[in-house]
Amino acid sequence: MTRILIVDDSALMRRHLVQLLEKEDGFEVRAARNGVEALVLVEEFDPHVVTLDINMPEMDGITCLSRIMVGSPRPVIMLSSITEAGAETTLQALSLGAVDFVQKPGGTISLSIDQVAQQLVAKVRVAARARVRRPGAGYAPLRSAPPPTPVRIAPQPTVGDLPGIAVIGISTGGPAALERLLPALPATLPWPVVVAQHMPASFTGVFARRLDKLCALSVQEVTQPVPLAPGSVYIARGDADLLVARRAGILSLVSVPASESHPWHPSVTRLVDSAAEHLPPDRMIGIQMTGMGDDGAEAMARLHKRGMKTIAQDEASSAVFGMPNELIRRGGAGVVLSCEHIAAQLLGWLGIRSFATASTR
């Protein structure tokens, strides 16, 4: 039996959420009106998953989350508004250790619950199996091999106007993982990095701006065609797909409507396949990180057999091991590394000695 604690100051919202989850087999549900009550029930009820509203009286969701993660860590799903302020607070919550979030659409409460019901149930089931870490805690060290030592290599030939591209596919647990990986990369990175993070459109712009403040690399959300450039990170716009295309002879990124034939968006599969139309596999690096599902796994595995270098995040450092495990299962993972070792491997492949020797913005 999976125990779930609902925390929301709205009596109507609590009732709808409790009724929704109690209909599911294997769920035992309790509710709290605010963060103060939630902390008591975390100890008494010992829930496997907590759904936590952000704006509440007496103790807000961020404060409650911080205390849960320090005192009794467990998977927490945030219930967030679709406003920019709501997105910023939600990203703060993910950085503090929340594993995922569900948007609260506008309109009446009954309509909102109907819209998020399927998504909430699916995310609760995934969260119940997710790994959780305390804020500031490091990921488990890699046991199968020591951290890679970057080695400088000879300059690599370019393909047209771009030497190569690194693609990151990531989902549940992704924001916290990317906040650890991307700041470890220098502004002198010779290849652009393109990220397909499963996330709604109302969040990706805010997330890109947050990362831009943390990174030496320039970080931007792609909302219109943009030429690919070294020293840059590109975040795919949520609720859409991102493709590599050649425009006026220059390799660029183009945001396109989400494909109905692909279940997750932004689609890692479509991004990888489009890059392979313009670059040979040995000029591509694929990085499959934490997340549910198998988006991108088949495409990366296929290209790995033709020379694409690939990294799968290991289970110990993944909040959800689905996406990287699918790449491993298909024989498509060149190396399996903890989150904290991925940057060093990437730098080694690209011939950069260390972050310390590279200039920053």
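Students often check this: by mean Cβ neighbours within 10 Å, which of 167-178, 42-53, 118-129 ranks highest, and how do the rest follow? If you can, show how the numbers build up before the last one.
On the way: 167-178: 26.5, 42-53: 20.2, 118-129: 17.8.
So the order, starting with the most tightly packed, is 167-178, 42-53, 118-129.
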Pseudo-spin-label distance Glu88 to Arg329, built 7 Å along Cα→Cβ, given in nm, is 4.1 nm
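Please figure out what share of the DSSP beta bridges in the stretch 213-283 is antiparallel and state it in percent, rounded to the nearest 5. Walk me through the numbers before you get to the answer.
Numbers: 10 of 15 bridges.
Bridges in the stretch 213-283 are about 65 percent antiparallel.
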Packing-ranked peptide list from 63-71, 25-33, highest mean Cβ count within 10 angstrom first, is 63-71, 25-33
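Glu315 to Gln220: extension gain in nm, 0.36 nm per residue of separation minus the Cα-Cα distance?
Full extension of this stretch gives 31.3 nm more.
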When Ile6, Ile54 are arranged by how many other beta-carbons sit within 10 Å of their Cβ, fewest first, they go Ile54, Ile6
Spelling it out for Ser81: with amide H atoms placed in the peptide plane at 1.01 Å from N, the residues 5 or more places away or on another chain with amide H under 5 Å from its amide H are Lys104
Any residue on another chain or 5+ positions along whose placed amide H is under 5 Å from the amide H of Thr310 is listed here as Gly286, Gly334, Val335
Charge tally for neighbours of Met284 with beta carbon under 10 Å away, counting Lys, Arg as +1 and Asp, Glu as -1, is +2
Everything considered on the Cα gyration tensor (a ≥ b ≥ c; rounded for a/c under 1.5, else prolate if a/b is larger than b/c, else oblate), the stretch 209-251 must be described as oblate
Summed over the other residues with a beta carbon less than 13 angstrom from that of Met300, with K and R at +1 and D and E at -1, the charge totals +2
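Only Cα pairs under 8 Å and at least 6 apart count here; give the relative contact order of the stretch 264-342 as a rounded whole percent. Walk me through the numbers before you get to the answer.
On the way: 148 pairs, mean separation 25.2, N = 79.
So the answer I get is 32 percent.
Report the local net charge at Met323: Lys and Arg +1, Asp and Glu -1, summed over other residues whose C-beta lies under 13 Å from its C-beta. It would help to have the intermediate numbers written out before the result.
Working: positive: Arg329, Arg330; negative: Asp294, Asp295, Glu298, Asp314, Glu315, Glu326.
Once all neighbours under 13 Å are counted, the net charge is -4.
Can you bin the stretch 165-357 into rounded, prolate or oblate? Criterion: square roots of the alpha carbon gyration tensor eigenvalues sorted a ≥ b ≥ c, rounded for a/c under 1.5, prolate for a/b above b/c, oblate for the rest. Don't skip to the answer; put the middle values down first.
Values: a/c = 1.15, a/b = 1.04, b/c = 1.11.
Rounded is the answer for the stretch 165-357, as its axis ratio a/c remains below 1.5.
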On the formula 1/(1 + (r/R0)^6), with r taken between the Cβ atoms of Gln119 and Arg209 and R0 of 25 Å, the FRET efficiency rounded to 0.05 is 0.50
Here the relative contact order (percent) of the chain, from C-alpha pairs under 8 Å and at least 6 apart, is 15 percent
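Neighbour counts of other C-beta atoms within 10 Å: give me Leu5, Leu251, Leu12 arranged from fewest to most. Could the numbers behind the result be given before it?
Values: Leu5 25, Leu251 20, Leu12 12.
Result, fewest neighbours first: Leu12, Leu251, Leu5.
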In whole angstrom, the spacing between the Cα centers of the stretch 257-331 and the stretch 53-98 equals 29 Å
Whole-Å distance linking the alpha carbon centroid of the stretch 178-246 with that of the stretch 1-30 is 36 Å
The stretch 164-224: relative contact order from alpha carbon pairs under 8 Å, six or more residues apart, as a whole percent, is 42 percent
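Grab the DSSP H runs of the chain that are 4 residues or longer, score each as -39,500 (n - 2.57), total them, divide by all residues and round the 222 nm result to the nearest 500 deg cm²/dmol. Intermediate results must be reported in sequence, preceding the final value.
Values: 11 runs with 124 residues, N = 361.
Computed mean residue ellipticity for the chain: -10500 deg cm²/dmol.
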Taking R0 as 51 Å and r as the Cβ-Cβ distance between Arg306 and Glu24, the FRET efficiency 1/(1 + (r/R0)^6), rounded to the nearest 0.05, comes to 0.75
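We did not get these values from a lab; they are worked out from the coordinates using the rules stated. Remember, predicted model here, so these are calculated numbers, not experimental data. Glycine gets a Cβ as well: all are built from the backbone with ideal geometry, and neighbour counts include every protein chain shown.
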